[in-house]
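Everything below concerns the one structure shown next.
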Amino acid sequence: MRDIQLLGPVRLFQASPGPAPQQAVLAKLAGNVGRVLSIEDLSDASPASRVRTYVAGLRKVMRQAGVDAKSVLASVSDGYVLRVQPNQVDVSYFDRLHRRGQALLAVGDARGAVDTLCEATALWRGEALSGVSGAYAEHERARLTERRLVATEDLLRARLRTGETDLAAELAHLVRMHPGRESLRELLMIALVRDGRRAEALLVLHDSRTRPGPALLRVQARILADDDAFFEAS
């Protein structure tokens, strides 16, 4: 378990880091590990005195966890820096695992990619930065939500490449949740063909709200050509 968790309700050394504005300060620091952030960077329209109060609150949580708070959350000139290893932050560890999974998939190690991407997606415990408001939190939440969806797609693609079947229901749910995402429709079509449901796969193409792009048209052409080799390798 990571020491700083942002992929769900925010946690600091397994404890609540305090009120939502204090969590927002932690989120900014954790998103910039090793970089000095000024009080203005951390303020989000709060007065400087309030930022200092939030930092003091975060240090209190750290001390209660047995951490040398002033070394981990250090004062530097007119700002603060969070000094932890990047992998102590779940977001950084998620990104690292996701990149490793993508690399394994690119070199044909689908089984290794599945294991790595499963570990990455398991780090999520709900909505990122749950309960934290402010412009930074909203931007990060949107960015991380997209990253989670990409990792989920990569995991499903890797599972298909291991020869796993019966993924159509899971993919159909994701397509309903993200109807404009063509890459999910492509995976769904492949999964349906793998399950022997070619007619349903072709319907996925026509259910799209937008004009099908090259990837979907390529899958359609392979279905119509009865290209089993393509679907076995996909």
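The values are calculated or read from the model by the stated rules, or taken from the named source; none is laboratory data. These figures come from a predicted structure and were not determined experimentally. Positions of Cβ are generated from backbone atoms using ideal geometry, with glycine treated the same way; all protein chains shown enter the neighbour counts.
Checked against (1) assigned to a loop (DSSP other than H, G, I, E, B); (2) in the same structural domain as D227 (by TED's automatic domain parsing); (3) touching a residue at least 40 places away in the same chain (Cβ under 8 Å); (4) not polar (S, T, N, Q), P179 passes all but a single condition, namely (3).
Please work out which residue is farthest from R159 (Cα to Cα), limiting yourself to the stretch 181-234 and to residues that are of a type in the set (D, E) and more than 27 Å from the chain's Cα centre (by Cα).
The initial filter retains those residues of the stretch 181-234 that are of a type in the set (D, E), namely 182, 186, 195, 200, 207, 226-228, 232.
Remaining after also requiring more than 27 Å from the chain's Cα centre (by Cα): 195, 200, 207, 226-228, 232.
Numbers: D195: 14, E200: 21, D207: 24, D226: 22, D227: 20, D228: 18, E232: 12 Å.
Going through the qualifying residues, I end up with D207.
Inclusion of G126 among residues that are at positive phi, at pLDDT 95 or above and either assigned to a loop (DSSP other than H, G, I, E, B) or over 17 Å from the mean Cα position of the chain (by Cα) (or both) is warranted. The single condition among (1) of a type outside the set (S, T, N, Q); (2) under 15 Å from Q88 (Cβ atoms); (3) within 18 Å of the chain's Cα centre (by Cα) that L29 does not meet is (3). In the set L58, L37, which member is of a type in the set (A, V, I, L, M, F, W, C), in contact (Cβ under 8 Å) with a residue 24 or more places away in the chain and under 21 Å from P9 (Cα atoms)? Matching residue, one of L58, L37: L58.
Search the stretch 126-153 for residues being without any contact (Cβ under 8 Å) to a residue 24 or more places away in the chain and more than 28 Å from D109 (Cβ to Cβ), and hand back the single one that is surrounded by the most Cβ atoms within 10 Å (Cβ to Cβ). Walk me through it before giving the result.
As a first pass, look at the stretch 126-153 and keep what is without any contact (Cβ under 8 Å) to a residue 24 or more places away in the chain: 138-139, 141-143, 145-146.
Still in the running and more than 28 Å from D109 (Cβ to Cβ): 138-139, 141-142.
Working: E138: 12, H139: 10, R141: 18, A142: 11.
Within the stretch 126-153, the match that is surrounded by the most Cβ atoms within 10 Å (Cβ to Cβ) is R141.
Kindly check whether there is at least one residue in the stretch 54-63 that is assigned to a helix (DSSP H, G or I), surrounded by fewer than 17 Cβ atoms within 10 Å (Cβ to Cβ) and at pLDDT below 95. Checked the stretch 54-63: no residue is assigned to a helix (DSSP H, G or I), surrounded by fewer than 17 Cβ atoms within 10 Å (Cβ to Cβ) and at pLDDT below 95.
Is one or more of the residues making up the stretch 154-167 acidic (D, E) and in contact (Cβ under 8 Å) with a residue 40 or more places away in the chain? Checking the stretch 154-167: at least one residue is acidic (D, E) and in contact (Cβ under 8 Å) with a residue 40 or more places away in the chain.
Scan the stretch 2-20 for residues that are assigned to a loop (DSSP other than H, G, I, E, B) and without any contact (Cβ under 8 Å) to a residue 60 or more places away in the chain and jot them down. Spell out how you get there, then give the answer.
Of the residues in the stretch 2-20, the ones assigned to a loop (DSSP other than H, G, I, E, B) are 2-3, 6-8, 10, 13-14, 16-19.
The answer is F13, Q14, S16, P17, G18, P19.
As a summary of the residue check, A48 satisfies the conditions (1) aliphatic (A, V, I, L, M); (2) without any contact (Cβ under 8 Å) to a residue 24 or more places away in the chain; (3) crowded, with 19+ Cβ neighbours inside 10 Å except for the one numbered (3).
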